[in-house]
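Presented below is the structure to which this report refers.
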Amino acid sequence: MRPLRKSLPQWGTAPAAIFIFAIAILAGGLAIILQNESTFRAARDRQAMVAAQVLAQSVTAAVDFSDATAAQQAVNAFRVNPQVRYVGVFDRSGRVLAAYDPSATRSGANLAQLQPPPPSTYRVSVPIMSAGQRIGTVIYGVEREAVSRRLTRYVVLGSLAVLAALVIITLGMAQAALRRANEELTERAEALAQSNELLAEQIEERAKAEDQLRQSQKMQALGQLTGGIAHDFNNLLTVIQGSADILSRDELADDRRKRFARAIVQAAENAAVLTSQLLAFARRQPLKPELVDLSELVAGMTDLLDRTMGERIRIETILGGSCPVTVDFNQLQSAILNVASNARDAMPEGGTLRIKVSVVRSQAGEPMSAVAISDSGTGMDSETTSRIFEPFFTTKKTGKGTGLGLSQVYGFATQSGGDVLVESEPSKGTTVTILLPCSQAEMMIDRKADEAPLPAQPRAVILVVEDNEEVGHFAETLLTELGHSVTLATSGEEALELARANDYDVVFSDVVMPGMGGLKLAEQLAQEKPGLPVILATGYSQEIAQSGSGGRPVILKPYRLATLSQALVDAIVSGTASS
Amino acid sequence: MTTRRAFLKPVVAAIAAALLAGAPAFAEVSDVAVKAAFIPKFARYVTWPSSAPARTSAQMIICIIGDDPFGTMLNAAAAGQEVDGRPMAVKRLSSAAGASDCAIAFIDGARTGETLAALGRQPILTVTDSRSSPQRGVIHFTIVDRRVRFFIDNAQAQARGLTISSRLLALAVGVNQG
């Protein structure tokens, strides 16, 4: 833009220079013509004078003796020259002796009657001298210039003028065209800049709108998630509350009591799965890879799936063999539940959910464990199929789905080195296959450890620190049930004072508390009571997730009795060993 | 414009000259007068030998030998005429005797032949007139188309040591080259 404009004035001076050049050509041509003209005239005048003088010499005798015939003969010699306009020989008295006058307009009896020559004629007058006396006059007139010569001059002049005019016109037109093109270019550039600005504005607005949309989607998603979780939790709580109500009745038979207690345990486990999913969604729970056998996992999930799917849906499991995979157990469970719940929603009128576990080969030839979950539902068109892994993409009504389920499945599978395949056709159902690479490691952990008998409990004096009254009392009850002596503190500060005043075998503290938190308390106690073991308990702690617990044992809420019991035994043993 | 003005000058001068001269019409002048006017003018076209009296004497003498048809006309024509700065004079003779200092001799009358013979080979431009004599001098007047013309005998002129200008020869009715 700017260089273009700058270049304009430079172009502007050019036509002026060329105009001057054209004028110079014209002036030079004129000067040469005029110079030629004056040279020609001088030569012509000289020639005329010489001719007149020669005539005067040759007619001297004729004039002397008034011999008109002889004079006429001399004069007639000039007839051959077409440029001669008039020749006259006059005697002393001015009487014409001989004359040649092609136009026959200037002849007269004597010199006095002679007409003045027209402008086109150059005339000289030469005296005829004889013996020192003037005896007559010769008048000699020639055309100023030959017609051809005059024409040539006019043609040359005209050509020069035309040439100069052409140069000026051509340059003027070129200049005008250039200027027009420049203006057009400038206009276009300006228009471009304007549209660019407009575009930038639109982009900014769009970005803002997208931000807002994302924010609102996030809020919506959170709302959906919260709603869904609350719904699920309420269901679980219903089970727990109902079971607890029945348990509190006195006349309950032993086997039935156990059954209801197990129902509570199952509900709590499911609730724990839900919360872990919540944390996974928030991306605050790193994957904790462990060796999992898919067949075993699916078999273990049958009860859960039965309940999740509802009565209208029949569940078939085909366990065609599997290899152990190294994945996050909870995430895998969530992924299967997610796919299954989508399958359920695709079969509102009921149907069959088929879960098939098998070992397949990947494209690279690696063995993979595959869980194929098929439904006999409505299916999806190709457009929907291509989008189902997008976060927040959902075909469900508002409040029904988060749009995060399948995106969790995809994220988990790819993060674990596997893949997810979707086959679907409208009205023919959908099959989602989760592929996970087989692990080389051996199966080592028995997930059923929780069911193992409780270890023998040494009686201990325990300080429980818990700001939540209910959880605190529950822990107190639990530990008292195990035979320990328990003191309950509701804050870190209170716990520190109690620990200073009394001797405890172990401190069992919540991490997240108002005021002094569990980590802070543990550090303080490590200084003041170095031998006192501290067990930390938390549902979720950002602090621990980020910087760890400093080597102290951490029990994740909700915790099982066996887990707590084992941790206490370990702590007491280590505390006794160190002190 | 300049050429026209320059041209006007001689025109004006010619008109003035014509008025001053009184300009008698040529056609009305008699043949005799024309001849009288011609004779002094011949001197301008003739070259005499350097030793001739025509070149050496203080005056250029025009002689009339025999009859004199001119009266005062020749005197008038010769008056004011100069050749090489020398004035002209008219002398009348009855015979060739005493004609040795003549530059031009007009011979007329019955004894023209004798006179011509008597002049021998002297460097004198002899002029005769067909009106009165068939004998011819170097220049011999005649009338052609009622106008005065002349023959030139160049051979006789050369014999007399005279050289006649070609311009004069060109005006002659005939030239005898010998």
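Could you please find all residues in the range A:297-309 being touching a Lys or Arg at 6+ places or on another chain (Cβ under 8 Å) and either of a type in the set (Val, Ile, Thr) or more than 16 Å from residue A:373 (Cβ to Cβ) (or both)? Steps first, please.
To start, the set of residues in the range A:297-309 that are touching a Lys or Arg at 6+ places or on another chain (Cβ under 8 Å) comprises A:300, A:308-309.
Across the range A:297-309, the qualifying residue is only A:308.
Within the range B:139-148, identify whether any single residue is surrounded by 14 or more Cβ atoms within 10 Å (Cβ to Cβ), of a type in the set (A, V, I, L, M) and within 13 Å of the chain's Cα centre (by Cα), and answer yes or no. There is at least one residue in the range B:139-148 that is surrounded by 14 or more Cβ atoms within 10 Å (Cβ to Cβ), of a type in the set (A, V, I, L, M) and within 13 Å of the chain's Cα centre (by Cα). Taking the range B:127-153 as the search range and keeping residues that are under 11 Å from residue B:46 (Cβ atoms) and without any contact (Cβ under 8 Å) to a residue 40 or more places away in the chain, which one is farthest from the other protein chains (Cβ to nearest Cβ)? In this case the residue turns out to be B:138.
One residue is enough: does the range A:169-182 have a residue meeting the conditions touching a strand residue (DSSP E or B) at 6+ places or on another chain (Cβ under 8 Å) and modelled with pLDDT of 85 or more?
From the range A:169-182, those touching a strand residue (DSSP E or B) at 6+ places or on another chain (Cβ under 8 Å) are none; that's our starting set.
Looking through the range A:169-182, none of the residues is touching a strand residue (DSSP E or B) at 6+ places or on another chain (Cβ under 8 Å) and modelled with pLDDT of 85 or more.
Residues in the range A:73-87 that are crowded, with 18+ Cβ neighbours inside 10 Å and under 22 Å from residue B:42 (Cβ atoms): A:74 only. The residue that is surrounded by the most Cβ atoms within 10 Å (Cβ to Cβ), counting only those in the range B:45-66 that are touching a Ser or Thr at 6+ places or on another chain (Cβ under 7 Å) and away from chain A (no Cβ under 14 Å), is B:65.
Does the range A:119-132 hold any residues that are over 16 Å from residue A:55 (Cβ atoms), more than 8 Å from chain B (Cβ to nearest Cβ) and buried (at least 16 other Cβ atoms within 10 Å of the Cβ), and which are they? Correct list: A:121 only. Among the residues making up the range B:95-112, those that are in a loop (DSSP other than H, G, I, E, B) and among the charged types (D, E, K, R) are B:101, B:111. Output the residues belonging to the range A:501-542 that are part of a helix (DSSP H, G or I) and either at positive phi or touching a helix residue (DSSP H, G or I) at 6+ places or on another chain (Cβ under 9 Å) (or both). Within the range A:501-542, A:518, A:519, A:520, A:521, A:524, A:525, A:528 meet the criteria. Only a single item in (1) outside any strand (DSSP E or B); (2) farther than 26 Å from residue B:170 by Cβ is not met by residue B:61, and it is number (1).
Quick one: which of B:97, B:118 is more than 14 Å from chain A (Cβ to nearest Cβ), surrounded by fewer than 21 Cβ atoms within 10 Å (Cβ to Cβ), free of Cβ contacts under 8 Å to residues at least 24 places away in the same chain and under 23 Å from residue B:74 (Cα atoms)? Spell out how you get there, then give the answer.
Values: B:118 fails: under 23 Å from residue B:74 (Cα atoms).
On inspection, the qualifying residue turns out to be B:97.
Of all residues in the range A:57-96, those being touching a residue at least 40 places away in the same chain (Cβ under 8 Å), in a loop (DSSP other than H, G, I, E, B) and under 22 Å from residue B:147 (Cα atoms) number 3. Only one entry of A:97, A:55 meets the criterion of being closer than 12 Å to residue A:128 by Cα and touching a helix residue (DSSP H, G or I) at 6+ places or on another chain (Cβ under 9 Å), and that entry is A:55.
Here residue A:99 passes the criteria (1) more than 11 Å from chain B (Cβ to nearest Cβ); (2) in a strand (DSSP E or B); (3) in contact (Cβ under 8 Å) with a residue 60 or more places away in the chain except the one numbered (3).
If you go through the range A:33-58, how many residues are at pLDDT 85 or above and of a type outside the set (Gly, Ala, Ser)? The number of residues fulfilling the criteria is 11.
Which members of the range A:301-319 meet the condition of being under 25 Å from residue A:359 (Cβ atoms) and touching a strand residue (DSSP E or B) at 6+ places or on another chain (Cβ under 7 Å)? The answer is A:302, A:305, A:315, A:316, A:317, A:318, A:319. As for the range A:56-74, it holds no residue that is under 60 Å from the mean Cα position of the chain (by Cα) and not hydrophobic (A, V, I, L, M, F, W, C). For first residues located in the range A:264-275 and more than 18 Å from residue A:332 (Cα to Cα), partners that are β-branched (Val, Ile, Thr) and lie 6+ apart or on another chain with Cβ distances below 8 Å form the pairs A:264/A:239; A:264/A:240; A:266/A:239; A:267/A:239; A:267/A:240; A:268/A:240.
Results for (1) free of Cβ contacts under 8 Å to residues at least 12 places away in the same chain; (2) buried (at least 20 other Cβ atoms within 10 Å of the Cβ), shown as yes or no for each residue.
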{"residue": "A:493", "(1), (2)": "no, no"}
{"residue": "A:501", "(1), (2)": "yes, no"}
{"residue": "A:514", "(1), (2)": "no, no"}
{"residue": "A:523", "(1), (2)": "no, no"}
{"residue": "A:529", "(1), (2)": "no, no"}
{"residue": "A:535", "(1), (2)": "no, yes"}
{"residue": "A:538", "(1), (2)": "no, yes"}
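For residue A:507, the conditions (1) at pLDDT 90 or above; (2) farther than 18 Å from residue A:574 by Cβ are fulfilled apart from (2). For the range A:473-484, the set of residues classified as touching a residue at least 24 places away in the same chain (Cβ under 8 Å) and part of a helix (DSSP H, G or I) consists of A:475, A:478, A:479, listed by residue number. Scan the range A:313-346 for residues that are in contact with an Asp or Glu (Cβ under 7 Å, 6 or more places away or on another chain) and not in a strand (DSSP E or B) and report the count. Of the residues in that region, 4 qualify. If you check A:247, A:237, A:178, A:252 for being surrounded by 13 or more Cβ atoms within 10 Å (Cβ to Cβ), closer than 30 Å to residue A:19 by Cβ and aliphatic (A, V, I, L, M), only one passes: A:178. Contact map, the range A:340-351: first residue of a type in the set (Ser, Thr, Tyr), second residue crowded, with 20+ Cβ neighbours inside 10 Å, Cβ cut-off under 7 Å, separation 6 or more or different chains; pairs are A:341/A:405. Taking (1) touching a strand residue (DSSP E or B) at 6+ places or on another chain (Cβ under 8 Å); (2) modelled with pLDDT under 90; (3) away from chain A (no Cβ under 14 Å) in turn, residue B:82 satisfies each apart from (3). Selection within the range B:168-178: residues that are touching a Phe, Trp or Tyr at 6+ places or on another chain (Cβ under 6 Å) and not in a loop (DSSP other than H, G, I, E, B). The member of this set that is farthest from the other protein chains (Cβ to nearest Cβ) is B:174. Is at least one residue of the range A:39-50 surrounded by 15 or more Cβ atoms within 10 Å (Cβ to Cβ), free of Cβ contacts under 8 Å to residues at least 24 places away in the same chain and either under 30 Å from residue B:143 (Cα atoms) or within 12 Å of another protein chain (Cβ to nearest Cβ) (or both)? Checked against the condition, which is being surrounded by 15 or more Cβ atoms within 10 Å (Cβ to Cβ), free of Cβ contacts under 8 Å to residues at least 24 places away in the same chain and either under 30 Å from residue B:143 (Cα atoms) or within 12 Å of another protein chain (Cβ to nearest Cβ) (or both), the range A:39-50 yields no hits at all.
The values are calculated or read from the model by the stated rules, or taken from the named source; none is laboratory data. Predicted, not measured: the structure shown is a model, and the values here were computed from it. Because the Cβ atoms are built from the backbone with ideal geometry, glycine has one as well, and the counts that use them run over all protein chains shown.
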